[in-house]
Amino acid sequence: MTHATRTIVISGGTDGMGRALALTALRRGDTVVVVGRDERKGQVFLDAAASSGAEGRAFFLGADLSLVSENRRVVRRITEGFPVVDALVLCARHFRSTRLVTAEGLENTFALEYLSRFLLSHGLVPSLRRADAPVVVNVAGPGVPKPEIHWDDPGLGGNYHGVTAQLQAGRANDLLGVAFAGEHASSGIRYVLLNPGGVATSFSGEYDAETAAHVESLKRFGKPVEEGIRPIVARVDDPPAEPLSAFVEDRRITLADHGFDPEPAARLLALTRTLLDGR
Ligand SMILES: NC(=O)c1ccc[n+]([C@@H]2O[C@H](COP(=O)([O-])OP(=O)(O)OC[C@H]3O[C@@H](n4cnc5c(N)ncnc54)[C@H](OP(=O)(O)O)[C@@H]3O)[C@@H](O)[C@H]2O)c1
């Protein structure tokens, strides 16, 4: 299948699976917009595109996606620069063993790994709607059991742990998919939650010694990145028919368990709107 006219936006596309997907999509003739915070890595991507003759189809938007204002700027830039977005692939992540509050007063993991995905998904709806088969692939952790959102303290100010923050962001992304698909059911946009399994990537993060040792073993035993992106490429190429679907690697999983309940999804949507109100 050729997709010479597709435009693919990849958040966290400067490393790991996002970068591999970006280079794969360029090789296949797509226009690729990589969003990342590291200008040097962005330039490496642009140089790689230039050396393969794809410079006219490769774009880098530098942005710290842990900031609401930056996500809004990215949405504006993409909306102005690209009339149609065929696929939005959400990959940005950064683990933190210690709690960090952004300059906007939000806990970093919640802001980067959930709020950014909320803002990009909803903000790019008009651009996605213009595509023939629009899809959002939220690369996260569906299929993994997770505790409930800390409704009274989503910023985990009272009891922060890096793994707790990651699991909460994963839960929030499952619920984001449910709420998004409910709100935009008639838009034609398919929302895919995808858990790639263990993949040997950069594991962007700041780790304490114990977690760093665990990450080293994940890097040693994880699948190669090229293998890890295969199910992502498959979903971008051939989105499922339903407004919402979830996969662990290539295996489709049920949405019938409590991880995808509409009530907490609606509750998180309301909480998110409150958090974003006035920012
Ligand atoms: N790898 C796995 O085993 C695995 C398993 C399950 C799920 N996943 C999910 O798959 C997705 C991709 O993971 P990965 O392992 O490929 O990621 P990765 O190698 O850690 O790369 C993460 C990307 O996000 C970028 N990023 C970090 N902080 C950012 C910020 N504030 N603003 C903008 N960009 C930022 C990183 O840029 P820098 O290089 O500048 O930090 C990098 O490009 C993630 O959502 C992850 O949770 C991965």
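Scanning the stretch 1-46 for residues that are in a helix (DSSP H, G or I) and either near the ligand (Cβ under 7 Å from one of its atoms) or out of contact with any strand residue (DSSP E or B) (no Cβ under 8 Å at 6 or more places or on another chain) (or both) yields a total of 11. Checked against the criterion of being free of Cβ contacts under 8 Å to residues at least 12 places away in the same chain and not hydrophobic (A, V, I, L, M, F, W, C), the candidates Glu104, Glu70 yield just one match: Glu70. Regarding Ser66, is this residue polar (S, T, N, Q), within 18 Å of the chain's Cα centre (by Cα) and closer than 30 Å to Ala209 by Cα? In short, yes.
A quick yes/no check of all residues on (1) surrounded by fewer than 18 Cβ atoms within 10 Å (Cβ to Cβ); (2) among the aromatic types (Phe, Trp, Tyr); (3) under 24 Å from Asp238 (Cβ atoms):
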| residue | (1), (2), (3) |
| --- | --- |
| Phe118 | no, yes, no |
| Val139 | no, no, yes |
| Trp151 | yes, yes, no |
| Val163 | yes, no, no |
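Let's see how each residue does on (1) more than 16 Å from Glu113 (Cβ to Cβ); (2) in contact with a Lys or Arg (Cβ under 9 Å, 6 or more places away or on another chain):
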| position | (1), (2) |
| --- | --- |
| Leu167 | no, yes |
| Asn173 | no, yes |
| Phe180 | no, no |
| Val192 | yes, yes |
| Ser204 | no, yes |
| Ala213 | yes, no |
| Leu218 | yes, no |
| Glu226 | yes, no |
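Listed by position, the helices (runs of 4 or more DSSP H) contained in the stretch 189-263 that have at least 2 residues being more than 21 Å from Asn173 (Cβ to Cβ) are 209-221, 225-228.
Taking the criterion of being assigned to a helix (DSSP H, G or I) and crowded, with 16+ Cβ neighbours inside 10 Å, the residues of the stretch 47-67 that qualify are Ala48, Ala49, Arg57.
Any read-out appearing in this document is the output of simple, stated calculations on the displayed coordinates, not a laboratory observation. Model, not experiment: these values are computed from the prediction. Cβ coordinates were reconstructed from backbone atoms using ideal geometry, including for glycine residues, and neighbour counts include every protein chain displayed.
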